[in-house]
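Shown next, in structure tokens, is the structure this report addresses.
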Amino acid sequence: MTTNLAIEASGLVKTFGELRAVDGVDLAVRRGSVYGVLGPNGAGKTTTIRMLATLLHPDGGSARILGHDIVAEADAVRSAVSLTGQMASVDEDLTGRENLILLGRLYGFKGKAAKDRADELLGAFGLEDAAGRLTKNYSGGMRRRLDIAASLVVTPELLFLDEPTTGLDPRSRNQVWDIVRALRTAGTTVLLCTQYLDEADQLADGIAVIDKGKVIAEGTPGQLKASVGSATLHVRLLQGDQRPQAETILARELGLVHLEPDPSALSVQCPEADKGAEAIAALGRAGVGVASFALGQPTLDEVFLALTGHTAEDKEEVKA
Amino acid sequence: MSVADNAAITNALSSVPRPPRPSAFSAAMAFGWRGMLKIKHVPEQLLDVTITPVMFLLMFTYLFGGAIAGSTGAYLDYVLPGLLVMSVVFTTVYSGVSLNTDLTKGAVDRFRTLPIWRPAPLVGALLGDAVRYVIAGTVITTLGLILGFRPDGGPLGVIAALGLTVVFSFGVSWLFTTLGLFLRSPQATMNAGFMLIFPLTFLSNAFVEPETLPRVLEAFVNVNPISIMTDAARGLMAGDAAGSDIAISLGVAAGLTAVFMPLTSRLYRTRS
Ligand SMILES: Nc1ncnc2c1ncn2[C@@H]1O[C@H](COP(=O)(O)OP(=O)(O)O)[C@@H](O)[C@H]1O
Ligand SMILES: [Mg+2]
């Protein structure tokens, strides 16, 4: 029971007929962290989450949630976790407030206490103005916020969030991100499934990359990037005709230079920030005007490409 | 950050202690309350199922009544109990449709992760459905009374007929909740449900005397449980019910419940 892991899964398997939707997944998620499960559509994220939340019976392997076995102690798991599924599961025929009161009552709040709790959550999630409207008239972002609020009627120790921003506009997405950050501050462990590399990078302390039911890489966002290769120095010049000169200098300082499609831009692998600064200074001494420069970590896109041979975005576009 | 205020969220997360889990009774009542709210917010759904029997009532009574039974009044006496059974039995299809909606929209997932008495969602939904059945039955009976239906069984007979119809429909509703957990969409559940219930209702004695039908059809109509239920309702309203009709109707309800209730709750727990 005294474990500092919120989730310990080993060798989880779920098959649907011939398909091994989840094919031996191991996870170790520290209490109080936000952990990202990153993978393209169909990778097995939802199936994994549903097993961990006791909604699906695993066909192999085992997992403990906050020390409780997901099969043998399903009730204990249920009382400690909450799930915000991929589909917003709010009841469209009820108002936002009624949705939360219903869940309040189902968690054991009585009469006025259920109403007060609903109002408190509606306020915190910026939904008080829409509280009395049927949720079928809510925007996607409002529905998503209500759905997350519904998972927090009783503060869970662990929250499963399945693709909380898929299909949302950027403003709503930022609001959901803020909610995840607030959850983390409050000490709730969050398991976040996403197909957006950016999202995992922004929110997660640790990430498991999953593809075809298997974890293909695991680590902090920084470690994952490092495993792909070193950082890149991006330089944009004031004048495009100085590019050959800049190329020579950067090649001498750092190595092989990549010429970008933009005629005034170049990039070069840069393992250490110091050397990058040195190279920029060398450009200045030689009279090459630099408009801007940036030392960029490889994006998680590149991580995915390096790990799987295809990008997550490719697959997603095919589906859409 | 104006819309989702971080500090307010952090506060809301820690503000209340977890209450003890609700009793089986309060969990079921919460789901019953949900059913009432749906009737309040989506009255169209109730209207959908009531409108057909109401139209039939007007149409059969005034258009065909004279031809089938000799007079409008006589036909009203014959057809009203049948329409009562039809309107309430039609309403049971919606029990399956709303369960399927919960399943496909993800509500079942949420309910299943709650630490509540397992059958609470189903039992609570039934409470809401019961109100629906009573409303549907009352609408058609009231309309009949307005049109001049004066059964010999008196108010008690009418209430008994309504009560028996509701109990019978409870049994039938388990068939559709099972169906609702098997099928892929609410629309498919509705279509399949009505495909089943329409022929059963029309190939019954609800509208015409079985003796007027071709022999094969007559044989089917006579064993159709809806015919027997209709006979029981007619008997109760007329004050001369056959005990066997009532017993068979209750038996059918009990049988359907015994088979399909466990199936429904099993599917509810396991279907993914
Ligand atoms: N109930 C099911 N029956 C059959 N196949 C399923 C079922 N649920 C998921 N799958 C399949 O399992 C694979 C993984 O699905 P899922 O876990 O939903 O992926 P993700 O959430 O990563 O998009 C997919 O190929 C999907 O089609
Ligand atoms: Mg998914």
Legend entry - DSSP-assigned coil residues among trypsin sites (Lys or Arg not before Pro) in the range A:1-63, each with at most 15 further Cβ atoms within 10 Å: A:R31
Inset, instruction - Could you order B:L126, A:L259, B:L76 so the one with the most accessible surface comes first? Probe is 1.4 Å. - result: A:L259, B:L126, B:L76
Legend entry - Cα→Cβ-extended label distance, 7 Å offset, between B:F202 and A:L295, nm: 7.9 nm
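Report, in deg cm²/dmol and to the nearest 500, the calculated mean residue ellipticity at 222 nm for chain A, where each DSSP H run with n ≥ 4 adds -39500 (n - 2.57) and the sum is divided by the residue count. Working shown, then result.
Working: 12 runs with 122 residues, N = 320.
Mean residue ellipticity, 222 nm, calculated: -11500 deg cm²/dmol.
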Inset, instruction - Report the far tail of the P(r) of chain B, meaning the percent of Cα-Cα pairs longer than 32 Å. - result: 31 percent
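If we count every other residue with Cβ under 14 angstrom of B:F60's Cβ, Lys/Arg +1 and Asp/Glu -1, where does the sum land? Each step should come with its number before you reach the end.
Numbers: positive: none; negative: B:D77, B:E209.
Around B:F60, the surrounding residues sum to -2.
Protein chains only, probe 1.4 Å: how do A:H68, A:H258, A:H234 rank by accessible area, largest first?
Values: A:H68 35, A:H258 100, A:H234 80 Å².
So the residues, ranked largest to smallest area, are A:H258, A:H234, A:H68.
Which whole-number percent gives the relative contact order of the range B:77-225, counting Cα pairs below 8 Å spaced six or more residues apart? Intermediate values should be presented prior to the final figure.
Numbers: 134 pairs, mean separation 62.9, N = 149.
Worked out over the range B:77-225, it gives 42 percent.
Lys and Arg at +1, Asp and Glu at -1: add these up for the other residues within a Cβ distance under 15 Å of B:R266 and post the number.
It works out to a net charge of +4.
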Legend entry - Kirkwood hydrodynamic radius over Cα pairs of the range A:39-190, then Stokes diffusion coefficient at 25 °C and 0.890 mPa s, in µm²/s: 152 µm²/s
Legend entry - Other-chain or far-sequence residues with amide H under 5 Å of A:V290's (modelled H): A:L238
Legend entry - Karplus (6.51, -1.76, 1.60) ³J(HN,Hα), θ = phi - 60°, over the range A:48-56, in Hz, Gly and Pro reported as x: 4, 4, 5, 5, 5, 8, 6, 8, 10
Inset, instruction - State the Kirkwood hydrodynamic radius of the protein assembly as shown in Å, one decimal place, computed from all pairs of distinct Cα atoms. - result: 27.9 Å
Legend entry - Over the range A:230-297: Kirkwood hydrodynamic radius from C-alpha pairwise inverse distances, Å: 11.4 Å
Inset, instruction - Quick one: accessible surface of B:W117, probe radius 1.4 Å, all protein chains present, in square angstrom to the nearest 10. - result: 110 Å²
Inset, instruction - At most 15 other Cβ atoms within 10 Å and a DSSP loop assignment: could you name the trypsin sites (Lys or Arg not before Pro) in the range B:122-228 that fit? - result: B:R184
Legend entry - Amide H partners (placed H, <5 Å) of A:G187, local residues excluded: none
Legend entry - Area accessible to solvent at A:R173, 1.4 Å probe radius, in Å²: 70 Å²
Inset, instruction - State log₁₀ I(q)/I(0) for the range B:81-238 at q = 0.18 Å⁻¹ as given by the Debye formula over alpha-carbon point scatterers of equal weight, solvent excluded. - result: -1.06
Inset, instruction - Search the structure for amide H atoms under 5 Å from the amide H of B:F207, placed 1.01 Å from N in the peptide plane, and list their residues when 5 or more places away or on another chain. - result: none
Legend entry - Largest-first principal axis extents, alpha carbons of the range B:11-154, Å: 73, 32, 25
Legend entry - Segment A:S10-A:A277, extension gain: residue separation times 0.36 nm, minus the distance between their alpha carbons: 91.6 nm
Inset, instruction - Between the alpha-carbon centers of the range B:191-207 and the range B:246-272, tell me the distance in whole angstrom. - result: 20 Å
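Starting from the range A:212-266, pick out the trypsin sites (Lys or Arg not before Pro) whose DSSP state is loop and whose Cβ has at most 11 other Cβ atoms within 10 Å.
Details: sites: A:K212, A:K214, A:K225, A:R236, A:R252; in loops: A:K212.
Sites meeting the loop and neighbour criteria: none at all.
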Inset, instruction - Can you send over the solvent-accessible area of A:E8, 1.4 Å probe, protein chains only, in Å² to the nearest 10? - result: 60 Å²
Inset, instruction - Pop a pseudo-label 7 angstrom from the Cα along the beta-carbon direction at both A:E218 and A:R285 and give the gap in nm to one decimal. - result: 4.8 nm
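Taking the range A:118-180 on its own, what percent of its Cα-Cα pair distances exceed 16 Å? Don't jump to the answer; show the numbers that get you there.
Values: 827 of 1953 pairs.
The answer is 42 percent, as a whole percent.
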Inset, instruction - Just check chain A against the gyration tensor rule for me: Cα atoms, a ≥ b ≥ c as the square roots of the eigenvalues, rounded for a/c under 1.5, and otherwise prolate or oblate depending on whether a/b exceeds b/c. - result: prolate
Inset, instruction - Pop out the ³J(HN,Hα) list for the range B:88-99 in order, Karplus 6.51 cos²θ - 1.76 cosθ + 1.60 with θ = phi - 60°, rounded to Hz; leave Gly and Pro as x. - result: 6, 5, 4, 4, 5, 4, 5, 4, x, 5, 6, 5
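May I ask which of A:K136/A:K225; A:K214/B:K38; A:K212/B:K38; A:K110/B:K40 have a Cα-Cα span longer than 32 Å here? List each step's numbers first, then the result.
On the way: A:K136/A:K225 41 Å; A:K214/B:K38 43 Å; A:K212/B:K38 41 Å; A:K110/B:K40 22 Å.
Checking Cα-Cα distances, A:K136/A:K225; A:K214/B:K38; A:K212/B:K38 exceed 32 Å.
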Inset, instruction - Could you pull the Cα extents of the range A:63-117 along its three principal axes, largest to smallest, in whole Å? - result: 37, 27, 13
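Can you give the extra length, in nm with one decimal, that the chain gains between B:R215 and B:F25 once fully stretched, where that is 0.36 nm per residue apart less the Cα-Cα distance?
Numbers: separation 190, 0.36 × 190 = 68.40 nm, distance 5.07 nm.
63.3 nm is the gain from fully extending B:R215 to B:F25.
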Legend entry - Spatially proximal aspartates and glutamates relative to A:K14 (Cα-Cα < 12 Å; intrachain offsets below 8 disregarded): A:D23, A:D59
Legend entry - Rounded to whole Hz, the Karplus (6.51, -1.76, 1.60) HN-Hα couplings of the range A:197-204, x for glycine and proline: 4, 4, 5, 4, 4, 5, 10, 8
Inset, instruction - May I ask you to compute the full-extension gain from B:M36 to B:S15, defined as 0.36 nm times their residue separation minus their alpha-carbon distance, rounded to one decimal in nm? - result: 4.5 nm
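Under a Cβ-Cβ cut-off of 10 Å, what is the net charge of the residues other than A:G206 that fall near it, where Lys and Arg count +1 and Asp and Glu count -1? Please report the intermediate quantities before stating the final value.
Values: positive: A:R30; negative: A:D205, A:E218.
That sum, taken over residues with Cβ under 10 Å, equals -1.
The values are calculated or read from the model by the stated rules, or taken from the named source; none is laboratory data. This is a predicted model, so every value here is computed, not measured. When we count neighbours, we look across all protein chains shown, and the Cβ atoms used for this are built from the backbone with ideal geometry, even at glycine. In case anyone asks, the SASA skips ligands and DNA or RNA and just uses the protein heavy atoms, side chains included. Shrake-Rupley method; radii C 1.70, N 1.55, O 1.52, S 1.80 Å.
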